[in-house]
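Some notes on the structure that comes next.
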Amino acid sequence: MIPYYEELNDEEKNAVTKVIRTLLKQTFVLERKYDKKSGRLVYNKEFRTIDLHFKISGIELRENLHLGVFYIEGETLIGEKISRLSTIYLLILKLLYDEHMAEASSNTSVYTSLGEIHEKINDFHLMRTLPSITEMRRSIALLKKYQIIEPLDVLEELNDETRMMIYPCVNVVLLGDDIRRLIESFSKEEVDSEFDEDEAAISGIIEDMPE
């Protein structure tokens, strides 16, 4: 056992354990997350825990102050496999984030809608038909779980007007060049085959962060 960890009180130990599990599961932690009760971004306690305690040999911990993200790097990190629809949503969210940030670079918070996402999917010919509402909800819930997006409206009433916040950690998952190559590959596949639910891995889940 690490001596430093043993010197912590029970509350601090639990906090460190929780944040380590979060980092190993999704590789990044946001500084601020959207709180529906207050309608604004609030400070994430896990971010503070990392700032105070997190030092682990063999894992490189990085911080991007501009984006408000802690993330880890390592050659042995393996991305979780997600559905094809979730992967397509992720690709489009990264594109939308970059486009909106180019218009207003002073803010790291980007907002979109399900309608805008599907419009962009149609522009790139990534799907021949829209998935079911159940598939959409499942993919949106997964991306929310991994802090890629924050739905601002209830998913039970999902429609084109459903609003979402895109968190800046989408930059940790995929880089611009990676995303365009993947979109091209999805577009080519769609020419030859119908949309299905085969699993697709997020390749390179942690790459070098853009400066």
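Does segment 117-131 hold any residues that are closer than 17 Å to Ser86 by Cβ and without any contact (Cβ under 8 Å) to a residue 60 or more places away in the chain, and which are they? Once the filter is applied, which keeps residues that are closer than 17 Å to Ser86 by Cβ and without any contact (Cβ under 8 Å) to a residue 60 or more places away in the chain, segment 117-131 yields Ile117, His118, Lys120, Ile121, Leu130.
Table: residues versus (1) of a type outside the set (D, E, K, R); (2) touching a residue at least 24 places away in the same chain (Cβ under 8 Å); (3) open to solvent by less than 10 Å² (accessible area, probe 1.4 Å).
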position	(1), (2), (3)
Ile133	yes, yes, no
Arg137	no, no, no
Tyr146	yes, yes, no
Ile149	yes, yes, yes
Asn159	yes, yes, no
Thr162	yes, yes, yes
Val172	yes, yes, yes
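List the helices (runs of 4 or more DSSP H) inside segment 96-211, counting only whole elements, that have at least 3 residues being under 14 Å from the mean Cα position of the chain (by Cα) and either at pLDDT 85 or above or at negative phi (or both). Please lay out each step first, then the result.
Details: elements: 114-123, 133-145, 170-173, 176-192.
Output list reads 133-145, 170-173.
In segment 141-162, what residues are over 22 Å from Gly68 (Cα atoms) and touching a Ser or Thr at 6+ places or on another chain (Cβ under 8 Å)?
Taking segment 141-162 as the starting set, the residues that turn out to be over 22 Å from Gly68 (Cα atoms) are 141, 153-162.
Those that are over 22 Å from Gly68 (Cα atoms) and touching a Ser or Thr at 6+ places or on another chain (Cβ under 8 Å): Asp153, Leu155, Asp160, Glu161, Thr162.
Specify the residue that is modelled with the highest pLDDT; the eligible residues are those in segment 20-77 that are in a loop (DSSP other than H, G, I, E, B) and acidic (Asp, Glu). Walk me through how you get there before you give the answer.
Step one: list which residues in segment 20-77 are in a loop (DSSP other than H, G, I, E, B), which gives 27, 31, 36-39, 44, 54-59, 65-68, 74-77.
Pick out the ones that are also acidic (Asp, Glu) and you get 31, 75.
Details: Glu31: 81, Glu75: 49.
Only one residue tops the list, namely Glu31.
A Cβ distance below 9 Å, combined with a sequence gap of six or more or placement on separate chains, defines the contacts here; from segment 35-57, residues that are under 14 Å from Leu24 (Cα atoms) reach residues that are at pLDDT below 75 and hydroxyl-bearing (Ser, Thr, Tyr) in the pairs Lys55/Tyr4.
The values are calculated or read from the model by the stated rules, or taken from the named source; none is laboratory data. These numbers were taken from a predicted model, which means no experiment stands behind them. Cβ sites come from the backbone with ideal geometry, for glycine too, and all protein chains shown count toward neighbours. Just so you know, the surface numbers come from the protein's heavy atoms only, side chains and all, with ligands and any DNA or RNA stripped out. Shrake-Rupley method; radii C 1.70, N 1.55, O 1.52, S 1.80 Å.
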